[in-house]
């Protein structure tokens, strides 16, 4: 008798992939390392070496059409909302160089006290009862407040901007492009940012938007449109991904009590908690590229001009790089994780995301002795690029 298996199917819009992509990734690495989806018209690379090589090779794997496959968010105009994530050299180097002054190691390190104060203020409210939604009440608020403080967004406007950023990434089942609500949210953000930029050009302050208005290199300055595109990137990449990282850390520690015991007994292990979460269940699961020439891998040729997805989430579970990859293990070597990319497009906010996550987890473990998650009522977001929880009901006991 001949046994047959169904071909592997990977669709980043499918809800079952949002719930758990990792079995599909394992099959792709084994059976289809150069995967083709004819319906969605993309290729996907799933093995660690191929994904990391794709990140490094910006000449053959171009960013010019952005990192998403949503038709409305990709193509030659993707830079309008993705800034330098949708640029190749020399435009990429110019734009990144001008905005990177807000993310120097010294500037990020100096934010720790403010991040801790914001965390404590939100955590105090959470601890007034015996339960809270880890995402809505804490994990979504701290990153948005951090970004808002950097940009100079007033407290009264922050919830509005967070809702808009959520709408930009959310996808209802069967929707394969930016939905109407997402388009409306993008317009709302664009208007808000344009008004903010106009104000800062007249009334500069001690915030990142003012700095972006004033930054100059050899007479080169940022236009209003360029600043707006960077602010779009900040509110999505700087808010959504860190929110998801925090909730994943909280969830997977709960699901692995032996590992949780390590960090609750020794706060010095919290950086290990952060890094293993980044590896085990990273927020940014995939980033799209477009080939500039024919690329042949594993005997298959990807034609020039085709879209290719670099599956960072799969690369982090590749047993060729990380032994026993489906085990959440704070003692493993996480060197070389794919979560923030590599090369010229390495995530500029990586150090800030790590700092925010570490600080929030430190404050949680100081105040909470044990906790439970209602996994039945936990809900995941539905997004093409970003994986994470929308709600994570938590009950706890204080120390």
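The values are calculated or read from the model by the stated rules, or taken from the named source; none is laboratory data. The structure presented is a predicted model; accordingly, all values stated were derived computationally and were not measured. Cβ sites come from the backbone with ideal geometry, for glycine too, and all protein chains shown count toward neighbours.
Scan segment 94-119 for residues that are surrounded by fewer than 14 Cβ atoms within 10 Å (Cβ to Cβ) and in a helix (DSSP H, G or I) and jot them down. Steps first, answer last, please.
Looking only at segment 94-119, we keep the residues that are surrounded by fewer than 14 Cβ atoms within 10 Å (Cβ to Cβ), and these are 97, 100-101, 104-106, 109-110, 112-113, 117.
Answer for segment 94-119, where residues must be surrounded by fewer than 14 Cβ atoms within 10 Å (Cβ to Cβ) and in a helix (DSSP H, G or I): 97, 100, 101, 105, 106, 109, 112, 113, 117.
Could you check, for segment 363-382, whether at least one of its residues is out of contact with any strand residue (DSSP E or B) (no Cβ under 8 Å at 6 or more places or on another chain) and under 28 Å from residue 82 (Cα atoms)?
Quick first cut of segment 363-382, residues out of contact with any strand residue (DSSP E or B) (no Cβ under 8 Å at 6 or more places or on another chain) only: 363-366, 375-376, 382.
Next, only the ones that are under 28 Å from residue 82 (Cα atoms) stay: 382.
Scanning segment 363-382, I find at least one residue that is out of contact with any strand residue (DSSP E or B) (no Cβ under 8 Å at 6 or more places or on another chain) and under 28 Å from residue 82 (Cα atoms), so the answer is yes.
Select, from 138, 85, the only residue that is surrounded by 14 or more Cβ atoms within 10 Å (Cβ to Cβ), assigned to a helix (DSSP H, G or I) and modelled with pLDDT of 95 or more.
Selected residue: 138, the only one of 138, 85 that is surrounded by 14 or more Cβ atoms within 10 Å (Cβ to Cβ), assigned to a helix (DSSP H, G or I) and modelled with pLDDT of 95 or more.
Can you find even one residue in segment 37-44 that is within 20 Å of the chain's Cα centre (by Cα) and closer than 12 Å to residue 310 by Cβ?
The answer is yes, given that some residue of segment 37-44 is within 20 Å of the chain's Cα centre (by Cα) and closer than 12 Å to residue 310 by Cβ.
Could you check, for segment 324-331, whether at least one of its residues is in a loop (DSSP other than H, G, I, E, B), within 18 Å of the chain's Cα centre (by Cα) and closer than 20 Å to residue 248 by Cβ?
So far as segment 324-331 goes, no, none of its residues is in a loop (DSSP other than H, G, I, E, B), within 18 Å of the chain's Cα centre (by Cα) and closer than 20 Å to residue 248 by Cβ.
Over 17 Å from the mean Cα position of the chain (by Cα) and assigned to a strand (DSSP E or B) - does that describe any residue in segment 270-290?
yes
Residue 369 versus (1) at pLDDT below 95; (2) outside any strand (DSSP E or B): which is the lone unmet condition?
(2)
Can you name the condition, by its number, that residue 68 falls short on among (1) touching a strand residue (DSSP E or B) at 6+ places or on another chain (Cβ under 7 Å); (2) farther than 28 Å from residue 186 by Cα; (3) modelled with pLDDT under 95?
(2)
Within the group 358, 367, which residue is within 28 Å of residue 132 (Cα to Cα), touching a residue at least 24 places away in the same chain (Cβ under 8 Å) and within 21 Å of the chain's Cα centre (by Cα)?
Going through 358, 367 in turn, just one is within 28 Å of residue 132 (Cα to Cα), touching a residue at least 24 places away in the same chain (Cβ under 8 Å) and within 21 Å of the chain's Cα centre (by Cα): 358.
Looking only at segment 1-10, count how many residues are surrounded by fewer than 15 Cβ atoms within 10 Å (Cβ to Cβ) and either at pLDDT 95 or above or assigned to a helix (DSSP H, G or I) (or both). Show your work before the answer.
First pass over segment 1-10, keeping only residues surrounded by fewer than 15 Cβ atoms within 10 Å (Cβ to Cβ): 1-7.
Now restrict to residues that are either at pLDDT 95 or above or assigned to a helix (DSSP H, G or I) (or both): none.
Residues meeting the conditions: 0.
Can you give me the number of residues within segment 372-398 that are in contact with a helix residue (DSSP H, G or I) (Cβ under 6 Å, 6 or more places away or on another chain), more than 18 Å from residue 278 (Cβ to Cβ) and in a loop (DSSP other than H, G, I, E, B)?
Within segment 372-398, residues that are in contact with a helix residue (DSSP H, G or I) (Cβ under 6 Å, 6 or more places away or on another chain), more than 18 Å from residue 278 (Cβ to Cβ) and in a loop (DSSP other than H, G, I, E, B) number 1.
Quick one: would you say residue 184 is part of a helix (DSSP H, G or I), surrounded by fewer than 18 Cβ atoms within 10 Å (Cβ to Cβ) and at pLDDT below 85? Can you show your working first?
Details: part of a helix (DSSP H, G or I): yes; surrounded by fewer than 18 Cβ atoms within 10 Å (Cβ to Cβ): yes; at pLDDT below 85: yes.
Yes, satisfied.
Hey, can you tell me all the residues within segment 223-253 that are surrounded by 21 or more Cβ atoms within 10 Å (Cβ to Cβ) and assigned to a loop (DSSP other than H, G, I, E, B)?
Within segment 223-253, 238, 239 qualify.
Take the residues in segment 141-167 that are outside any helix (DSSP H, G or I) and either without any contact (Cβ under 8 Å) to a residue 24 or more places away in the chain or at positive phi (or both); name whichever of them is surrounded by the most Cβ atoms within 10 Å (Cβ to Cβ).
Filtering first and then ranking leaves 152.
Which residue is farthest from residue 308 (Cα to Cα), if the candidates are limited to segment 67-82 and must be within 19 Å of the chain's Cα centre (by Cα) and assigned to a loop (DSSP other than H, G, I, E, B)?
78
May I ask you to verify whether residue 22 is at pLDDT 95 or above, over 21 Å from residue 304 (Cβ atoms) and touching a helix residue (DSSP H, G or I) at 6+ places or on another chain (Cβ under 8 Å)?
Against the criterion (at pLDDT 95 or above, over 21 Å from residue 304 (Cβ atoms) and touching a helix residue (DSSP H, G or I) at 6+ places or on another chain (Cβ under 8 Å)), residue 22 qualifies.
Against the condition within 30 Å of residue 368 (Cβ to Cβ), under 17 Å from the mean Cα position of the chain (by Cα) and at pLDDT below 90, how does residue 237 come out, does it pass?
Yes; evaluated as a whole, the condition is true for this residue.
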